[in-house]
Ligand code: SF4
């Protein structure tokens, strides 16, 4: 039977969550409830969000432009181990079917679990063995510097300083193990915005790693410009 994934969102191009031009896949459902989480809309394991993994893979294969990597975030991807395993296995198969001269495609996964916990689980280890890098650990708000005080390059693609970037393959080591000299600016924008029209109306999504206070600052700026933010994912 085809595995089903609870999917919050898929987006292309993503340039703020890993190097290069990427496809982003956000899983739905997270029970970790980190204080200050900016993606509270992904917490509920809503069965209405289930899609076949094959459909996500079909979307990836249909992307029009270059894909340097796939970023899987959440929600908590490892709370859906069967679907995550099928997804990562499918991405690897697609990667191997690409022409030899295509830019190598890396698989980066985010998790709110610390790496030592993930690597103790046989199920999670099998998934990690197919990925190129994991950014592991819960979001800790006080370890995310305020936007105006954030030093360039201090956190790169991490949400807070406690999180660990763990390369898992030679490609992962090449792209994720050498932060020295790489600044956040050089690595691409810190945040991007996408607007989706759906059955529930127009929704604006931010993609990337805001620094502490950035979202409140954005809301205030929008309100000053006459745009009401309405329901937002970063407040209870
Ligand atoms: S930061 Fe990530 S792991 Fe933590 S509650 Fe939010 S979605 Fe879950």
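General observations
- Subset of the range 167-217 that is closer than 24 Å to residue 131 by Cβ, touching a strand residue (DSSP E or B) at 6+ places or on another chain (Cβ under 7 Å) and surrounded by fewer than 15 Cβ atoms within 10 Å (Cβ to Cβ) - its residue that is modelled with the highest pLDDT: 173
- Restricting the range 155-172 to residues that are under 13 Å from residue 108 (Cβ atoms) and part of a helix (DSSP H, G or I), the residue that is farthest from the ligand (Cβ to nearest atom): 171
- Boolean, residue 117 is within 16 Å of the ligand (Cβ to nearest atom) and modelled with pLDDT of 80 or more: yes
- For residue 75, the criteria (1) over 21 Å from residue 197 (Cα atoms); (2) buried (at least 21 other Cβ atoms within 10 Å of the Cβ); (3) within 14 Å of the ligand (Cβ to nearest atom); (4) over 10 Å from the mean Cα position of the chain (by Cα) hold in every case but one, which is (4).
- Identity of the residue in the range 26-53, closer than 29 Å to residue 142 by Cβ and in a strand (DSSP E or B), that ends up farthest from the chain's Cα centre (by Cα): 27
- When 127, 107 are screened for being modelled with pLDDT of 95 or more, crowded, with 22+ Cβ neighbours inside 10 Å and part of a strand (DSSP E or B), only 107 passes.
- Qualifying residue in the range 88-109 (condition: within 16 Å of the ligand (Cβ to nearest atom) and either touching a helix residue (DSSP H, G or I) at 6+ places or on another chain (Cβ under 9 Å) or closer than 24 Å to residue 65 by Cβ (or both)): yes
- Considering the conditions (1) surrounded by 15 or more Cβ atoms within 10 Å (Cβ to Cβ); (2) within 16 Å of the ligand (Cβ to nearest atom); (3) more than 14 Å from the chain's Cα centre (by Cα); (4) touching a residue at least 40 places away in the same chain (Cβ under 8 Å), residue 143 is excluded by exactly one of them, (4).
The values are calculated or read from the model by the stated rules, or taken from the named source; none is laboratory data. Owing to the predicted nature of the structure, the values given are computational and were not obtained by experimental measurement. Reconstructed Cβ throughout: ideal geometry from the backbone, glycine too, with neighbour counts over all protein chains shown.
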